[in-house]
Each structure stands twice: as structure tokens, then as C-alpha cells.
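Following: one structure in C-alpha cells, then a few remarks.
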Amino acid sequence: MPSTPEEMRRTSLTFYKVAKFPGVIGATDCTHVRIQSPGTDRAENYRNRKGWFSIHVQTVVDAEARITNIVARWPRSTHDATIFNNSRLYRRLETGEFGNNLLVADGGYRKAEYIVTPHLNPQTGEEQLYNYSHISTRNVVERSYGILKRRWPVLSMGMRVRIHTAQSIIVACAVLHNIAMNERDYVPDDEIDGINDGMGSLHESVTDRDRLTREYFHGLLMAGR
């Protein structure tokens, strides 16, 4: 994650160029990584809704699809919000380490001052513009899963190793992914077939999201008329 005011400013500026969403330093979501059955009395905790076993992995990415934070230790049955609320990143955000900067997330994440989610039923022009900008800005995390799993097929085809080894492999693949992105070793868009398969339920966020809609996106809407 960006750690200095200058790094945060550069990161938020890069996100802003996507769809004019202000103050964003990361897009977050969760995805499945296929594993074999752990073979213990907790095995069913790892079975996902599609019937196979997986580790539920949470990542944060920057606007160029680099992974800036990863949590790869929870079984699939764990809710997105539970993974986030038990992460070190959550504690860093709670203590205000990143100032007024934001993460963009889907409805699987509950309201917080530092997380903004989409409007469930946008009614006004401001709400529709907010959702468009939010979705466009957050899309990079979904695209990153496609790149990651295309680059490292073991993450989608499955691993026949112990749980702790699978967790280490996931993190190693994320590190190698970042090295590849830094070296501009890109995966062509037409070859990306992995998509985000995180399962977030819809929860309203009524803090910064509504303020952004009412003030910032209202101004953008008026400026465009």
C-alpha cells in the first residue's frame, strides 16, 4: 500500500484518471483459488457454492492492476467482510494511516469512512454518475484476477498440496505478478479468461458514498450540462 503522502497522491491521481473518482488508493475484492479437499473435519468449510474446494483470497490493487495487499488464509465459507475485518489492513485504515483516502469495493463490504460501495438502486443523475465512476474505477481488481489466473493457471486449475503450502504459492504468484507488471510483461486482454468470482452480498454504505454523491458527483453532473 502507498505509505507516504506523495505515494498516496500519485496513486489517487492514477485512479482519478480512470473515471474521475477522487481520493482512491486501492480497489478491493475477493476471489476463489481452487485447491484439493483438505481432508479434515473442516474440509466442508472450504467447499464453495460451485461445489469445489477453494481458498478465499482478498486483494487490493492499484490502478495498474498491481497487487498492493493480499490476504490468502481463509476458507471459502468466510464472508468478504469477515476477511477484511480481521486483516492488518483493516487496523491500519481504522487508525487513520491513509488519511482521508478511500478503497472502492462492492456490496460485500460494509460501510466505513474509508470504503465506498455502489448505490443499490440509483435514482438520481448524481447517483447514476457515481455508480458509473465507481464501477469503472473498481473494475481493475476484477481484471487483475483474470490476469493473475491466466498468468498462473495453477490458481484456477487447482493445487494438490497442503493448505499452508497453497497459501504460500498464492502469495508467491502475487509477488511474481507484480514483478511481471513492473516489467511490462502484460497479458493481452483477449487472452484474459479469469474473472472475479468473489461472492459479496449487498450492504449499504451511507458515509462517504452519500457525501460524494451529493456534493462531488452533483458538481460533475452540473458541469456536464
Tell me the per residue accessible area of the range 2-89 using a 1.4 Å probe; a whole number in Å² is fine. 44
Between T95 and V161, the two model label points (7 Å from Cα along the beta-carbon direction) sit apart by a distance in nm of 3.2
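For K50 and K111 in the same chain, what is the full-extension length gain: residue separation times 0.36 nm, less their Cα-Cα distance, in nm?
Gain on extension, K50 to K111, equals 19.2 nm.
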Efficiency of FRET from Cβ geometry, N182 and I135, R₀ 35 Å, rounded to 0.05: 0.85
With just the Cα atoms defining each centre, how far is the range 1-61 from the range 96-135? Give it in Å. 16
Per Stokes-Einstein, at 37 °C and 0.692 mPa s, what whole-number D in µm² s⁻¹ belongs to the range 124-166, with the Kirkwood radius over Cα pairs as the hydrodynamic radius? 255
Around Y109, which amide H atoms from residues at least 5 apart in sequence, or from another chain, sit under 5 Å from its own amide H, with H modelled in the peptide plane? H203
With every protein chain present, what is the per residue accessible area of the range 96-183 (1.4 Å probe, Å²)? 48
By the gyration tensor of its Cα atoms, with a ≥ b ≥ c the square roots of the eigenvalues, what is the shape of the range 69-137: rounded for a/c under 1.5, prolate for a/b over b/c, or oblate? oblate
Relative packing of 19-29, 36-46, which averages over residues the other C-beta atoms within 10 Å, highest first: 19-29, 36-46
Hey, can you grab everything whose amide H is under 5 Å from the amide H of M159? Only 5+ residues off in sequence or another chain; H modelled, so Pro and N-termini drop out. I35, Q36
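The values are calculated or read from the model by the stated rules, or taken from the named source; none is laboratory data. Everything numeric here is computed off the predicted structure, so don't read it as measured data. Cβ sites come from the backbone with ideal geometry, for glycine too, and all protein chains shown count toward neighbours. With ligands, DNA and RNA removed, areas are computed over all heavy atoms of the protein, side chains included. Shrake-Rupley method; radii C 1.70, N 1.55, O 1.52, S 1.80 Å.
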